[in-house]
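Student: Take this structure first; my questions come after.
The values are calculated or read from the model by the stated rules, or taken from the named source; none is laboratory data. None of these values were measured; they are calculated from a predicted model. For neighbour counting, all protein chains shown are included, and Cβ atoms are generated from backbone atoms with ideal geometry for every residue, glycine included. SASA here: full protein model, heavy atoms, side chains in, ligands and nucleic acids out. Shrake-Rupley method; radii C 1.70, N 1.55, O 1.52, S 1.80 Å.
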Amino acid sequence: EDQVTQSPEALRLQEGESSSLNCSYTVSGLRGLFWYRQDPGKGPEFLFTLYSAGEEKEKERLKATLTKKESFLHITAPKPEDSATYLCAVQPFKAAGNKLTFGGGTRVLVKP
Amino acid sequence: SQTIHQWPATLVQPVGSPLSLECTVEGTSNPNLYWYRQAAGRGLQLLFYSVGIGQISSEVPQNLSASRPQDRQFILSSKKLLLSDSGFYLCAWDRVNWYEQYFGPGTRLTVT
């Protein structure tokens, strides 16, 4: 069974204090790993898709990396507007209908 | 561009009452459609997905059901709500060979 574990559950940062979020996964044949950002009371917003180990993608202050067992979301010099819950999800090759399995998320709070 | 709509945005219903949540997608054809539920502070749990009109797959046994009467319309229903049905319901879509899922704004359901 596919499993995704995110850590830490919550992260409090000072503005400008860089940090990393972890997403560990177990899947039988990874098609893709996805990162989303979710603001309170809203639907998740797509950030990145990573397909193979060693791949990296960047967007503003966010950088996602992938290994064979985990993915990291690095937040460089965060600003208060980066406060959100970050969700990680995996999709196996055998996924019927492109199903995603999500982790529990990491709540990030960036204080000014 | 594609957009996804959900309504209502919020709903408060008594135990035992029926439920109907609607999701529509604009700007694409023959999308895969998904219903997720998110409990407070938790990750997303896939409830149903559909790869075409009238084709529904259920992921979790429960008192909910889903229907897809039109290509870009997905409906989540229940005949009798339970307290445990409370949560944040999210609809999502993707294309057959394009694996990134895009989410709607969600419906906050409170069963009292």
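Student: Please give me, ordered by residue number, the GluC sites (Glu not before Pro) of segment A:57-112 that lie in loop per DSSP and have at most 12 other Cβ atoms within 10 Å. Kindly include the intermediate steps, with their values, before the conclusion.
Tutor: On the way: sites: A:58, A:60, A:70, A:81; in loops: A:60.
Those satisfying the criteria are A:60.
Student: OK, next. Which cross-chain or sequence-distant (5 or more) residues have an amide H under 5 Å from the amide H of residue B:82, H modelled 1.01 Å from N in plane?
Tutor: Here the answer is B:16, since their amide H atoms fall under 5 Å of that of residue B:82.
Student: How many square angstrom of accessible surface are buried between B and A, both sides summed, with a 1.4 Å probe and rounding to 100?
Tutor: Working: alone 6060 and 6230 Å², together 10640 Å².
Protein heavy atoms only, the B-A interface buries about 1700 Å².
Student: Taking the DSSP beta bridges in chain B as the whole, what percent of them are antiparallel, to the nearest 5? If you can, show how the numbers build up before the last one.
Tutor: Working: 38 of 42 bridges.
Here the share of antiparallel DSSP bridges comes out near 90 percent.
Student: Based on the alpha-carbon gyration tensor of segment B:3-111, what equivalent-ellipsoid semi-axes (square roots of 5 times the eigenvalues) come out, in whole Å, largest first?
Tutor: Working: eigenvalues 100, 39, 32 Å².
Working through the eigenvalues yields semi-axes of 22, 14, 13 Å.
Student: If amide hydrogens are placed 1.01 Å from N in the peptide plane, which non-local residues have theirs closer than 5 Å to the one on residue B:47?
Tutor: Long-range HN contacts for residue B:47: B:35, B:36, B:37.
Student: From the cross-link list A:42/A:79; A:42/B:79; A:99/B:80; A:42/A:99, which pairs have alpha carbons spaced over 23 Å apart? Can you show the working numbers first?
Tutor: On the way: A:42/A:79 20 Å; A:42/B:79 26 Å; A:99/B:80 27 Å; A:42/A:99 21 Å.
Too far apart for the 23 Å limit: A:42/B:79; A:99/B:80.
Student: From zero up to wherever the largest Cα-Cα distance of segment A:3-79 sits, split into 5 Å bins and tell me the percent of pairs in each.
Tutor: Calculated P(r), rounded to whole percents: 3, 14, 24, 26, 20, 9, 3, 0.
Student: Normalise the Cα radius of gyration of the protein assembly as shown by 2.2 N^0.38 Å (N = residues in it) and let me know the number.
Tutor: Details: Rg = 17.6 Å, N = 224, 2.2 N^0.38 = 17.2 Å.
Ratio of Cα Rg to 2.2 N^0.38 Å: 1.02.
Student: Take the Cα atoms of segment B:1-54, build their convex hull, and give its volume per residue in Å³. Show your work: numbers first, answer last.
Tutor: Numbers: hull volume 6.8 nm³, N = 54.
Hull volume over Cα atoms, normalised by residue count, gives 125 Å³.
Student: Let me ask something additional. When Lys and Arg each count +1 and Asp and Glu each count -1, what net charge do the other residues less than 14 Å away from residue A:24, Cβ to Cβ, add up to? Show your work: numbers first, answer last.
Tutor: Numbers: positive: A:68, A:69; negative: A:2, A:9, A:70.
Once all neighbours under 14 Å are counted, the net charge is -1.
Student: Take every DSSP beta bridge whose two residues both sit in chain A, then give the antiparallel share in percent to the nearest 5.
Tutor: On the way: 38 of 43 bridges.
Close to 90 percent.
Student: Computed over the Cα atoms of segment A:46-112, what is the convex hull's projected area averaged over all directions, in nm²? It would help to have the intermediate numbers written out before the result.
Tutor: Details: hull surface 20.2 nm².
With the hull built on Cα positions only, its mean projection is 5.1 nm².
Student: What is the projected area of the convex hull of the Cα atoms of segment B:63-112, averaged over all directions, in nm²?
Tutor: Hull-based average projected area comes out at 4.3 nm².
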